[in-house]
1. Expressed as a whole percentage, what fraction of the accessible surface of the chain belongs to carbon and sulfur atoms when a 1.4 Å probe is rolled over the protein heavy atoms?
2. As a test of understanding, state the convex hull volume per residue of the chain from its alpha carbons, in Å³.
3. How about the range 159-221: which chymotrypsin sites (Phe, Trp or Tyr not before Pro) there lie in a loop by DSSP and see at most 16 other Cβ atoms within 10 Å?
4. Mind listing the phi-derived Karplus ³J(HN,Hα) values for the range 201-216, rounded to whole Hz, using 6.51, -1.76 and 1.60 with θ = phi - 60°, and x for any glycine or proline?
5. Mind checking the range 39-88 for trypsin sites (Lys or Arg not before Pro) that DSSP puts in a loop (not H, G, I, E or B) and that have at most 15 other Cβ atoms within 10 Å?
6. Arg226's amide H: which non-local residues (gap 5+, or another chain) put their own amide H closer than 5 Å, with H modeled 1.01 Å from N in plane and none for Pro or chain starts?
7. List the relative contact order of the range 10-225 as a percent without decimals, with contacts defined as Cα pairs under 8 Å and 6+ residues apart.
8. Could you please report the charge total around Ala29, scoring K, R as +1 and D, E as -1 over all other residues with beta-carbon less than 15 angstrom from its beta-carbon?
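The values are calculated or read from the model by the stated rules, or taken from the named source; none is laboratory data. Computed from a prediction, not measured in an experiment: that's the story for all the values here. Using ideal geometry, Cβ is built from the backbone for each residue, glycine included, and neighbour counts are taken over all protein chains shown. Protein only, heavy atoms only, side chains kept; ligands, DNA and RNA dropped before computing areas. Shrake-Rupley method; radii C 1.70, N 1.55, O 1.52, S 1.80 Å.
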Amino acid sequence: MSTPPLPRPVALVTGASRGIGRAIALRLAAAHDLILVARDADRLQEVARACEEAGAAVQRVPADVTDGLATAEALTGLHVDVLVNNAGVAVLTPFLEMTAEEWHRQVDVNVNALYHVTRAVLPGMVARGRGHVCIIGSTAGRNTFVGGTCYTGTKHFVMGFAESLMLEVRDAGVGVSVITPGSVATELFPAGTNTTWMLEPDNVAAAVAFAVTTPQHMLVHRLEVRPLSPKRPRSGT
Ligand SMILES: NC(=O)c1ccc[n+]([C@@H]2O[C@H](COP(=O)([O-])OP(=O)(O)OC[C@H]3O[C@@H](n4cnc5c(N)ncnc54)[C@H](OP(=O)(O)O)[C@@H]3O)[C@@H](O)[C@H]2O)c1
């Protein structure tokens, strides 16, 4: 008599409708079932189909992660083994040209949504005594640049949040990782940006997959992934 297969771990990925989040979902689909969160329901459906073809059972949650009540309602109590806080926005504009809406949008998605999503999912991990929270930070979490007042501020926040949370939950068996990519060719950049030298989204997804699949006693807490050089296109010539 053959033994039934073990249930697959469940990974929840925010910002899964495109870019890095889409690539993370596709990477994790090989070994995880998935809960995919983003606002764009059509794109989310396309990503879900691709993940199902890769073998994952997929639950789609079309939600705005800046809406605390809606996020709590949609996510609280779900069984999640791996949480990937990836949703993020960037408005790379000098401070004096930035509108209040642009400022608040970045803080709401890059900072406040970390509270809404993690607060809904983490108690289950702690209660089960295992789990992994992975956050997509950025090299902007330790660098500064013109046009980065708010974005780099939010990503510096991510570094402090991630390390403090790691110290708070490690004794409960929960790991916290922060992946800090350099530039990645996604729609985060305005149309027309030269992205030929940047990382591909799947390069970041490979780092996430590594960080969340180490042995239980081994934690990769920070992982920086960079394009080799802005002077060298990806073709490697
Ligand atoms: N691209 C880079 O060079 C780079 C470098 C370092 C770090 N990062 C970080 O990587 C993460 C992903 O960025 P990306 O480059 O993949 O950008 P992207 O292509 O613009 O994708 C952003 C994702 O976030 C989701 N999102 C935005 N606002 C949301 C909201 N209110 N509620 C739910 N989902 C929301 C979007 O989905 P919907 O619009 O469908 O909601 C989308 O799936 C971000 O945290 C970013 O800061 C990017």
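1. The nonpolar share, carbon plus sulfur, comes to 55 percent.
2. Working: hull volume 34.9 nm³, N = 237.
So the per-residue Cα hull volume is 147 Å³.
3. Working: sites: Phe161, Trp197, Phe210; in loops: Trp197.
Sites meeting the loop and neighbour criteria: Trp197.
4. For the range 201-216, the Karplus-derived couplings read x, 5, 4, 6, 4, 5, 5, 4, 4, 5, 4, 8, 10, 6, x, 3 Hz, x marking Gly and Pro.
5. Arg39
6. Gly182
7. Relative CO of the range 10-225 lands at 20 percent.
8. After counting each charged neighbour, the total is -1.
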